[in-house]
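To keep things clear, I will list the structure first and then write my remarks on it.
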Amino acid sequence: MGRAFVYVIVGGGVAAGYAALEFTRKGVSDGELCIISEEPVAPYERPALSKGFLLPEDPTRLPSFHTCVGSNDEILTPKWYKEHGIELLLGTRVRSVDVRRNTLVSSTGETISYNFLIIATGARALKLEEFGVEGSDAENVCYLRDLSDANKLATVIQSNSNGNAVVIGGGYIGMECAASLVINKINVTMVLPGAHCMARLLTPKIATLYEDYYSSKGVKFVKGTVMTSFEFDSDKKVTAVNLKDGTQLPADLVVVGIGILPNTSLFEGQLIIEKGGIKVNSKMQSSDSSVYAIGDVATFPVKLYGEMRRLEHVDSARKSARHAVSAIMEPEKTGDFDYLPCFYSRFFAFSWQFYGDHVGEVVHFGEYEEGKVFGAYWVKEGHLVGTFLEGGSIEEYETISKATEMKPVVTDMEELAREGLRFAQTV
Ligand code: FDA
């Protein structure tokens with residue numbers, strides 16, 4: 001005989017934290033909600049791990065970045081969960097789920113039953129081994145997905161001041177970590193498979209500006225190649241990284257950011273999986289009516305584009321969490337999840353936000369210089385569908401978000417470039 005809850009959330013990351021707050025706002029009663037998390041700490045704002053957490057001075061530490069501080073909301077400490085009658089099972093992995101029987105088994109062997117299950121298992125970092133490279137478990141090779149990864153990276157950084165780091169991957173994890181390494185006085189070489197950083201989102205013009213700045217800070221870029229193997233010393237520490245093009249890069253530490261894989265394995269064969277995630281409808285409800293999925297692990301309909309998408313961004317985790325809770329607790333009052341994709345990143349003194357879809361034709365606007373406001377619009381079939389803005393104010397980000405959501409007609413691309421931000425302000 002195990003315990004029974006009305007609501008169980010499996011996973012204790014960003015989405016779980018925002019769901020918990022929403023449950024209390026909708027009036028969950030004491031003892032009705034249980035959150036089960038493999039991590040030893042209460043839900044926190046994961047983006048902090050590659051930013052404030054890695055600073056050499058006054059680094060951000062828990063409890064200051066527990067959810068939901070990222071939305072300027074309450075900081076939910078373990079005490080908060082207790083005071084709200086929420087059972088927080090930390091350091092506990094869910095081993096199996098039986099969706100038909102509404103039960104799960106935890107790593108402690110306990111069977112827990114639920115009326116509603118919310119899947120918030122997020123994703124895990126892809127390992128080099130999955131691409132045929134061995135040895136990434138070495139003590140000076142770091143991934144960055146959770147707090148234990150961040151603690152390891154912070155320790156390795158501290159013991160390698162003035163050393164050489166190789167960053168594998170040019171996505172936002174690679175870019176943010178490279179900036180943090182530079183700030184920690186470490187020499188950085190970035191290895192990117194493509195022609196420029198963040199190639200999936202940034203245009204060559206935007207990427208070039210950021211890369212030039214990184215170069216001015218001493219960062220070296222090796223592009224269009226991948227790593228093939230490590231060199232080790234007798235302690236099994238990595239000493240160098242070998243690239244496919246024959247180059248060997250000396251390394252005191254290595255940071256790997258090569259993508260993520262959603263944690264769906266508990267549900268394979270039980271729920272419909274699409275685009276790598278748990279397929280849900282516009283209420284975040286899966287193919288089983290008592291199971292919902294939120295955050296990085298959910299593939300949901302993006303109404304604005306008439307497409308199923310799985311997004312790996314914190315804003316989507318927060319908002320999908322609130323929506324699922326609302327759909328469960330107030331089904332009559334909850335409409336379809338109508339989400340405008342949003343993504344942001346920060347490195348050095350740069351800070352940008354992107355809204356919508358990066359498809360179609362691009363126009364750039366603003367002053368392409370460090371410290372200035374600049375951006376880009378994406379236009380598809382005569383409508384604005386995506387906007388990128390660097391260095392904007394809160395109001396300007398709100399403006400571009402609203403304008404992008406409205407998909408206004410664009411007739412003249414040159415005029416759009418000339419108008420720049422004014423276009424969004426006058427939509
Ligand atoms: P999340 O990964 O936060 O949580 C999943 C939780 O489930 C984890 O605690 C995990 O341990 C747990 N879990 C998994 N399987 C389990 C099991 N079987 N049993 C129990 N628990 C289990 N986004 C953005 O828009 N801008 C940014 O700047 C950044 N920056 C950033 C930096 C870093 C370092 C990372 C890793 C990520 C970002 N992100 C980001 C992405 C953002 O953090 C991400 O989209 C959200 O954390 C997703 O929230 P979820 O709750 O879905 O997963």
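Residue-by-condition table, conditions (1) of a type in the set (D, E, K, R); (2) in contact with a Lys or Arg (Cβ under 9 Å, 6 or more places away or on another chain):
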residue: GLY91; (1), (2): no, no
residue: ILE112; (1), (2): no, yes
residue: ASN115; (1), (2): no, no
residue: GLU134; (1), (2): yes, no
Just the residues that are among the aliphatic types (A, V, I, L, M) and within 7 Å of the ligand (Cβ to nearest atom), please, taken from the stretch 41-55. LEU49
Pick from PHE343, PHE354, PHE348, PHE365: which is under 23 Å from MET198 (Cβ atoms), more than 15 Å from the ligand (Cβ to nearest atom) and of a type in the set (Phe, Trp, Tyr)? PHE365
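Say whether the condition of being within 16 Å of the ligand (Cβ to nearest atom), closer than 22 Å to LEU209 by Cβ and under 20 Å from the mean Cα position of the chain (by Cα) is met by at least one residue in the stretch 325-340.
We begin by selecting, within the stretch 325-340, every residue within 16 Å of the ligand (Cβ to nearest atom); these are 325, 337, 339-340.
Next, from what is left, pick out any that are closer than 22 Å to LEU209 by Cβ: none.
No, that holds for no residue.
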Given the options PHE116, PHE53, name the one that is in contact with a Ser or Thr (Cβ under 7 Å, 6 or more places away or on another chain) and assigned to a helix (DSSP H, G or I). PHE53
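Within the stretch 97-119, is there a residue that is under 28 Å from SER326 (Cα atoms) and small (Gly, Ala, Ser)?
Here is the first cut: in the stretch 97-119, the ones under 28 Å from SER326 (Cα atoms) are 97-106, 111-119.
From what's left, small (Gly, Ala, Ser): 106, 113.
Yes.
Quick check on the stretch 56-76: of everything there that is assigned to a loop (DSSP other than H, G, I, E, B) and farther than 21 Å from GLN158 by Cβ, which residue is nearest to the ligand (Cβ to nearest atom)?
Applying the first criterion (assigned to a loop (DSSP other than H, G, I, E, B)) to the stretch 56-76 yields 56-65, 67-68, 72-76.
Then drop every residue that is not farther than 21 Å from GLN158 by Cβ, which leaves 63, 67-68, 72-76.
On the way: PRO63: 16, THR67: 9, CYS68: 12, ASN72: 16, ASP73: 16, GLU74: 17, ILE75: 16, LEU76: 13 Å.
Going through the qualifying residues, I end up with THR67.
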Conditions (1) part of a loop (DSSP other than H, G, I, E, B); (2) within 13 Å of the ligand (Cβ to nearest atom) -> LYS283 fails only (2)
Scanning the stretch 25-40 for residues that are touching a residue at least 12 places away in the same chain (Cβ under 8 Å), in contact with a helix residue (DSSP H, G or I) (Cβ under 9 Å, 6 or more places away or on another chain) and farther than 28 Å from LEU153 by Cβ, which turns out nearest to the ligand (Cβ to nearest atom)? LEU33
Out of the residues in the stretch 289-324 that are acidic (Asp, Glu) and within 16 Å of the ligand (Cβ to nearest atom), state the one that is surrounded by the most Cβ atoms within 10 Å (Cβ to Cβ). ASP296
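Can we say GLU130 is at pLDDT 95 or above, away from the ligand (no atom under 15 Å from the Cβ), not small (Gly, Ala, Ser) and not in a strand (DSSP E or B)? I'd like the intermediate steps shown before the answer.
Working: at pLDDT 95 or above: yes; away from the ligand (no atom under 15 Å from the Cβ): yes; not small (Gly, Ala, Ser): yes; not in a strand (DSSP E or B): yes.
Considered against the rule, which asks whether it is at pLDDT 95 or above, away from the ligand (no atom under 15 Å from the Cβ), not small (Gly, Ala, Ser) and not in a strand (DSSP E or B), GLU130 comes out as yes.
Does VAL97 satisfy the criteria of being over 24 Å from the mean Cα position of the chain (by Cα), hydrophobic (A, V, I, L, M, F, W, C), near the ligand (Cβ under 10 Å from one of its atoms) and closer than 26 Å to ILE36 by Cβ? Don't jump to the end; show me each part of the working.
Values: over 24 Å from the mean Cα position of the chain (by Cα): yes; hydrophobic (A, V, I, L, M, F, W, C): yes; near the ligand (Cβ under 10 Å from one of its atoms): yes; closer than 26 Å to ILE36 by Cβ: yes.
Yes: the conditions hold for VAL97.
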Output for the stretch 317-343, where each listed residue is assigned to a helix (DSSP H, G or I), among the hydrophobic types (A, V, I, L, M, F, W, C) and touching an Asp or Glu at 6+ places or on another chain (Cβ under 7 Å): ALA317, ALA321, VAL325
Given the conditions (1) in contact with a Phe, Trp or Tyr (Cβ under 6 Å, 6 or more places away or on another chain); (2) within 11 Å of the ligand (Cβ to nearest atom), and given that VAL238 satisfies all but one, which numbered condition is not satisfied? (2)
If THR108 passes every condition in (1) within 26 Å of the chain's Cα centre (by Cα); (2) within 12 Å of the ligand (Cβ to nearest atom); (3) polar (S, T, N, Q) but one, which one does it miss? (1)
For residues in the stretch 1-20 being in contact with a Lys or Arg (Cβ under 8 Å, 6 or more places away or on another chain) and among the aliphatic types (A, V, I, L, M), which is farthest from the ligand (Cβ to nearest atom)? ALA19
Being in a loop (DSSP other than H, G, I, E, B), farther than 23 Å from PHE348 by Cα and out of contact with any helix residue (DSSP H, G or I) (no Cβ under 7 Å at 6 or more places or on another chain) is the requirement here; does THR225 meet it? yes
Which of the helices (runs of 4 or more DSSP H) found entirely inside the stretch 363-427 contain at least 2 residues meeting this: under 19 Å from LEU201 (Cβ atoms) and modelled with pLDDT of 95 or more? 394-406
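The values are calculated or read from the model by the stated rules, or taken from the named source; none is laboratory data. Keep in mind it's a predicted model, so treat the numbers as computed, not measured. Cβ coordinates were reconstructed from backbone atoms using ideal geometry, including for glycine residues, and neighbour counts include every protein chain displayed.
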